[in-house]
Amino acid sequence: MVALSVFCLAAAATGCGGPRPPAVLLEPPAEFPAKWEQRALFNTPAAYIYARNEQAAGEADRVVKEVAAYVKRRHQRELGKGLVWIRGPEDAPVARTLEEVDELKNDADLMRTPPAREKPVSEVRREMNEHGIPESATVRGASLPLSGQRLRRLGLTVPGDVPWAVTVPSQALAESCGVEVFAAALRRKQPSLSDAAARDAAARFPGLIAKPFLMTRGQPVFVMWAQQQTDWSDDARRDAIRRYIRDAFRANGLPPPREDDMSW
């Protein structure tokens, strides 16, 4: 789930570049469905990507390559080639509530090491309400891990040796959710502001409002990779995840979150 501190600090962020197709496309492997739910398979050197178009596939490819470069630089290890399902504004939500997000994030099939101090969903919801952050938009734009069982329930069966699978928002979905989030925050600060005026104001800064959703797209990829490092202790996995989160904030021009704000 997108951290609350991302929204609170996002005013310091800058815009992102526009979507581009993947730089390299490989032949689609026979073990993967070529089509799934109106999405095509884009096979890149970094990931197996299910997307509605080349631009969305390019976004997903760059997210994975950034995580792979980070893993190589920080840990001198390989990320491995996993699967990305990139969602657009036209797609139904994967999760509709904070409880459903929590279920996906803490899937026992994926999490060898649980978070050290995860807040109860009720507390997260209370804090979001205090900041005027709408649950529906936050959940809809979240980047989440997917187990093989979850993928099968969604109608997609992939080879068992795929090391990780995630679903992330496209830039278009991130902007759509960002409008809702920032418009709600504006209305909280200025109750006299109409819904239309708040949305118009938020939509003037597409790169800014999308940033909280875009900058966290690599997090479930890294978390799943860290969970699979069998020679690491629980503390080593948690330390690596916390460092990744701090580094992601810094890379996006934001101060890193406090230790108390990170569940790991």
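Checked against the criteria, Phe222 counts as touching a residue at least 60 places away in the same chain (Cβ under 8 Å) and either more than 27 Å from Gly88 (Cα to Cα) or in contact with a Phe, Trp or Tyr (Cβ under 7 Å, 6 or more places away or on another chain) (or both). Restricting attention to the stretch 81-88, does a residue exist that is part of a helix (DSSP H, G or I), closer than 19 Å to Ala172 by Cα, under 17 Å from the mean Cα position of the chain (by Cα) and not hydrophobic (A, V, I, L, M, F, W, C)? No, there is no match, as no residue in the stretch 81-88 is part of a helix (DSSP H, G or I), closer than 19 Å to Ala172 by Cα, under 17 Å from the mean Cα position of the chain (by Cα) and not hydrophobic (A, V, I, L, M, F, W, C).
Does Asp107 qualify as being free of Cβ contacts under 8 Å to residues at least 12 places away in the same chain and closer than 22 Å to Val71 by Cβ? It is false that Asp107 is free of Cβ contacts under 8 Å to residues at least 12 places away in the same chain and closer than 22 Å to Val71 by Cβ. Screening Leu151, Leu173, Leu156, Leu146 for residues that are more than 29 Å from Arg112 (Cβ to Cβ) and among the aliphatic types (A, V, I, L, M) leaves exactly one candidate, Leu173. Figure legend. Inter-residue proximity from the stretch 186-210: first residues closer than 17 Å to His131 by Cα, second residues among the polar types (S, T, N, Q), beta-carbon distance below 9 Å, spacing 6+ or different chains. Indicated pairs: Arg187/Ser194; Ala198/Gln190.
Looking at Ala210, Ala172, Ala240, Ala226 in this structure, which one is at pLDDT 90 or above, in contact with a His (Cβ under 8 Å, 6 or more places away or on another chain) and either assigned to a helix (DSSP H, G or I) or within 29 Å of Arg52 (Cβ to Cβ) (or both)?
After ruling out the rest, the residue left standing is Ala240.
Pairs are defined by a Cβ separation below 8 Å, a sequence spacing of at least 6 or placement on different chains, a first member in the stretch 149-170 that is farther than 19 Å from Pro28 by Cβ and without any contact (Cβ under 8 Å) to a residue 40 or more places away in the chain, and a second member that is surrounded by fewer than 17 Cβ atoms within 10 Å (Cβ to Cβ) and of a type in the set (Phe, Trp, Tyr); no pair meets this definition.
The values are calculated or read from the model by the stated rules, or taken from the named source; none is laboratory data. The model shown is predicted, which means the values in this text are computed figures rather than measured ones. Reconstructed Cβ throughout: ideal geometry from the backbone, glycine too, with neighbour counts over all protein chains shown.
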